[in-house]
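Below: the structure, in structure tokens.
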Amino acid sequence: MNPHNIDTVPTDLFIGGEWRPASDGGRFDVINPASEATVASVASATVEDAITAVDAASSAFADWSGRTPRDRSEILRKAFELFTSRREEFAALITLENGKARADAIGEAAYAAEFFRWYAEAAVRNLGSLGHAPASGARILVQHKPAGIAVLVTPWNYPAAMGTRKIAPALAAGCPVIVKPASETPLTMLALMPLLEEAGVPPGVVNILPSRSSGQVVDAMLHDPRVRVVSFTGSTEVGRKLLRSAADCVVNPAMELGGNAPVIVFEDADIEQAVAGTMLAKMRNLGEACTAANRIFVHQTVHDEFADRLATAMSSLTMGDGMDPSVDVGPLVNADTRDKVAALVADAVAKGATCLCGGEAPHRTGFYYPPTVLCDVPPGATCVGEEIFGPVAALQRFSDESEVVARANATEYGLVAYVFTTDLARGLKVSERLEFGMVGLNRGLVSDPAAPFGGVKQSGIGREGAEEGMQEFLETQYIAVEW
Ligand code: NAP
């Protein structure tokens with residue numbers, strides 16, 4: 001696969017080990033956010049294609065789940081090596097369809113590859129247990145079996161990593177999968193397929209179904225009783241719909257949904273570290289991340305120094321086509337996302353926020369929005385309650401620890417929070433009071449294949465990464481034994 005020659009990237013559906021067009025011949029365009037030009041036309045799966053994919057996964061299940069854990073592990077390890085050797089090519093493809101800057105894309109490709117390595121190691125550690133029933137004396141034998149066919153639905157913001165974070169644990173557990181990538185960015189998952197075949201993944205074990213009719217296609221699969229897991233990463237709004245669909249056939253849901261991450265900078269924070277951590281939490285992936293810093297609370301005694309340093313750092317970033325390695329900030333994924341960011345900034349300013357830098361979309365081709373810092377964002381501003389999903393740092397002041405914890409928790413989301421303080425005891429105490437699935441303590445980055453990634457409240461159900469990530473694709477079976 002050579003991303004500079006997009007013609008080599010497959011653009012049909014991949015079902016049962018074969019590339020094929022959609023049953024009705026439908027296709028849709030993929031756009032380069034930097035040039036607004038069409039880069040590919042991709043087959044758009046129908047409901048009929050979806051059921052064909054479930055048939056293919058069903059045929060592959062017995063063989064794949066019956067292989068030894070070592071077999072599956074070796075294939076995943078090979079996928080890690082192949083992906084790592086083609087990291088630069090995947091990074092270029094990610095930038096082409098998503099827009100993110102080259103450094104972000106290379107970071108994503110490395111992160112995406114790591115899930116194959118981590119789950120190659122986890123595949124051979126699916127341990128059960130044996131115990132004594134206290135009263136009857138029978139033995140309690142517990143084992144974890146592959147749950148069955150898994151439907152994986154992924155978002156556009158990490159076209160590679162959100163796929164591999166699901167595919168690798170599912171394959172390690174012994175489950176065949178059907179991947180429905182986001183319509184903005186289907187190419188990266190399509191390009192992954194030849195690599196997985198080369199690694200030894202048999203036909204039918206991974207099927208890739210881009211579709212512009214995502215609602216109907218996913219709903220049809222969730223109403224097929226052979227499908228036992230739905231793993232979704234995307235918005236809370238779509239997650240709710242999938243949970244409703246999953247209820248009918250009682251499909252196991254794993255949900256990685258939206259976030260509204262608070263950053264808390266205490267008066268005793270190392271300001272340089274806090275600015276660097278906030279830059280990472282805000283600007284990684286251009287703010288188009290569920291983990292992105294959305295509400296930045298700064299203690300009033302250090303607020304002005306922090307805001308000035310943050311504005312300096314944000315203003316120093318270079319905006320342009322992400323393919324250019326000197327660029328820090330690429331375009332947003334599409335016009336709607338850029339317009340939403342612009343509207344959130346206009347709303348905050350109209351309600352009293354001060355703009356320290358940025359704040360205006362440039363008149364140029366591409367879906368660009370500049371790094372922006374807003375101060376004194378009022379609680380009633382729309383960006384306080386919603387994901388910004390763009391390069392806008394929205395600052396608020398606070399004066400008291402309990403007050404800021406209450407304000408940080410005042411959201412229906414609970415994915416990740418960030419805390420900056422040089423007092424470790426205080427940092428741990430505050431972390432425990434935060435109603436979030438993850439906390440970055442003096443760190444602006446929490447994602448790691450070896451850590452359980454996920455949220456509480458309306459940010460999701462279940463975890464990805466770590467041992468927990470494989471459990472989403474396993475069912476526990478208990479056998480009561482007499483001997
Ligand atoms: P989205 O609109 O919810 O779409 C996500 C995926 O769901 C896409 O593949 C989309 O397909 C599909 N989809 C849309 N409507 C559907 C329906 N009715 N039934 C079945 N599938 C449907 O989210 P997004 O805009 O791509 O991604 C941004 C969101 O993802 C943000 O809220 C972000 O916080 C969240 N996110 C969460 C995590 C996490 O780990 N918690 C990680 C990354 C992103 P189409 O593209 O064809 O519409």
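The values are calculated or read from the model by the stated rules, or taken from the named source; none is laboratory data. As the structure is a prediction and not an experimental result, all values here were calculated from the model. Backbone-built Cβ (ideal geometry, glycine too); neighbour counts: all protein chains shown. Accessible surface is based on the protein model in full, side chains and every heavy atom, while ligands, DNA and RNA are left aside. Shrake-Rupley method; radii C 1.70, N 1.55, O 1.52, S 1.80 Å.
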field: Gly215 buried (at least 24 other Cβ atoms within 10 Å of the Cβ) and of a type outside the set (Ser, Thr, Tyr)
entry: no
- request: Kindly indicate whether any position in the range 236-243 is closer than 22 Å to Gly455 by Cα, free of Cβ contacts under 8 Å to residues at least 60 places away in the same chain, open to solvent by 20 Å² or more (accessible area, probe 1.4 Å) and touching an Asp or Glu at 6+ places or on another chain (Cβ under 9 Å).
  value: yes
- prompt: Which of the residues that make up the range 397-429 are open to solvent by less than 10 Å² (accessible area, probe 1.4 Å) and closer than 15 Å to Ala261 by Cα?
  reply: Val404, Val405, Ala408, Gly414, Leu415, Val416, Ala417, Tyr418, Val419, Phe420
field: Residues satisfying the stated conditions in the range 85-101, i.e. crowded, with 16+ Cβ neighbours inside 10 Å and in a helix (DSSP H, G or I)
entry: Arg87, Glu89, Phe90, Ala91, Ala92, Leu93, Ile94, Thr95, Leu96, Glu97, Asn98
message: What's the total number of residues in the range 413-426 that are more than 20 Å from the chain's Cα centre (by Cα) and touching a residue at least 24 places away in the same chain (Cβ under 8 Å)?
response: 6
- request: Could you pull out the residue among Phe297, Phe232 that is part of a strand (DSSP E or B) and near the ligand (Cβ under 9 Å from one of its atoms)?
  value: Phe232
message: So Pro155 passes all but one of these: (1) under 17 Å from Glu256 (Cα atoms); (2) assigned to a helix (DSSP H, G or I). Which condition number does it fail?
response: (2)
query: Considering only the range 170-183, how many residues are in a loop (DSSP other than H, G, I, E, B) and either in contact with a His (Cβ under 8 Å, 6 or more places away or on another chain) or more than 16 Å from the ligand (Cβ to nearest atom) (or both)?
result: 3
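For every residue, the table says whether it meets (1) within 10 Å of the ligand (Cβ to nearest atom); (2) not hydrophobic (A, V, I, L, M, F, W, C).
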{"residue": "Ala168", "(1), (2)": "no, no"}
{"residue": "Thr185", "(1), (2)": "yes, yes"}
{"residue": "Pro202", "(1), (2)": "no, yes"}
{"residue": "Arg212", "(1), (2)": "yes, yes"}
{"residue": "Gln216", "(1), (2)": "yes, yes"}
{"residue": "Arg228", "(1), (2)": "no, yes"}
{"residue": "Ser245", "(1), (2)": "yes, yes"}
Set Pro362, Pro379, Pro325, Pro331: member being assigned to a loop (DSSP other than H, G, I, E, B) and surrounded by 20 or more Cβ atoms within 10 Å (Cβ to Cβ): Pro331
